[in-house]
């Protein structure tokens, strides 16, 4: 998944450089297999096993939105939430363009 074995055309970055393989952190020594082994070791250690439920609550659970998310300091920019942009057609054109640009450049928070 880190190597573009099929030589897919993944496009070009803004600086003109062609997108190809995933750039790994320096500690991975350019070896995607070493990277995966190290990440597995990290994910399977006792500290992660004992606390991963907290991360799940933040990303998928009750702390991903609403008051619980605010209390956990887990909020994103308001335009990234689906409910805040579901009425694009009702916005004036400059606001709609700005909102679409925000979503295009920074993404949306998954539902």
(message) Give me the residue from region 69-88 that is in contact with a helix residue (DSSP H, G or I) (Cβ under 7 Å, 6 or more places away or on another chain), assigned to a helix (DSSP H, G or I) and without any contact (Cβ under 8 Å) to a residue 12 or more places away in the chain and, out of that set, surrounded by the most Cβ atoms within 10 Å (Cβ to Cβ).
(response) 84
(request) Taking the options 61, 66, 30, name whichever one is within 24 Å of residue 2 (Cα to Cα) and either at pLDDT 95 or above or surrounded by 10 or more Cβ atoms within 10 Å (Cβ to Cβ) (or both). (result) 30
(request) Exactly one condition in (1) within 20 Å of the chain's Cα centre (by Cα); (2) surrounded by fewer than 10 Cβ atoms within 10 Å (Cβ to Cβ) is not met by residue 2; state its number. (result) (2)
(message) Condition check: within 20 Å of the chain's Cα centre (by Cα), surrounded by 10 or more Cβ atoms within 10 Å (Cβ to Cβ), more than 30 Å from residue 101 (Cβ to Cβ) and free of Cβ contacts under 8 Å to residues at least 12 places away in the same chain. Does residue 52 satisfy that?
(response) yes
(request) Looking at (1) in a helix (DSSP H, G or I); (2) over 21 Å from residue 111 (Cβ atoms), find the lone condition where residue 4 falls short. (result) (1)
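The values are calculated or read from the model by the stated rules, or taken from the named source; none is laboratory data. If you're wondering where the values come from, they're calculated on a predicted model, not measured in any experiment. All Cβ positions, glycine included, derive from the backbone under ideal geometry; neighbour counts span all protein chains shown.
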